[in-house]
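Throughout, read-outs are computed from the coordinates displayed, never taken from laboratory work. Please read these numbers as outputs of a predicted model, since none were measured by experiment. Quick reminder, even Gly has a Cβ in these numbers, built from the backbone with ideal geometry, and neighbours come from all protein chains shown.
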Amino acid sequence: MIKAFGNKIVVKRKEEEQVSGIIMTASNAKSKASCGVVVSVGSEFESKYNIIPNSEYSPIVVFEGGVEVSYKNEDFVVLKKEDILAVIEE
């Protein structure tokens, strides 16, 4: 299991086609936003924001940047709050 530390959040990237009803376009060609399902939230992040993953429902975030991490043949992205552009609540 991968866990976020402090004020970080860990997401598993999703392709835009996998997120129902979302179409993303970047305002310039250099930046491209991505979507990801929240996997883990650091304790500082959880206490300040209402983004809490659980087994029934994990929020989807729209983000730019972050640090790519591979763990047990799965790819994750570690984000700071500045990397998160929006939260999609279904």
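For Ala86, nonlocal amide neighbours, meaning residues 5 or more places apart or on other chains whose placed amide H falls under 5 Å from its own, are Val62.
Model label points for Val67 and Phe5, set 7 angstrom from Cα along the Cα-to-Cβ axis, are 0.8 nm apart.
Legend: ranking of residues Phe76, Phe5 from fewest to most surrounding C-beta atoms inside 10 Å; resulting order Phe5, Phe76.
Whole-Hz Karplus values for the stretch 35-44 come out as 10, x, 8, 5, 9, 8, 10, x, 4, 5 Hz, taken residue by residue from phi with 6.51 cos²θ - 1.76 cosθ + 1.60 and θ = phi - 60°; glycine and proline positions read x.
Stretched out straight at 0.36 nm per residue, the stretch from Leu85 to Lys12 would grow longer than its current Cα-Cα span by 24.7 nm.
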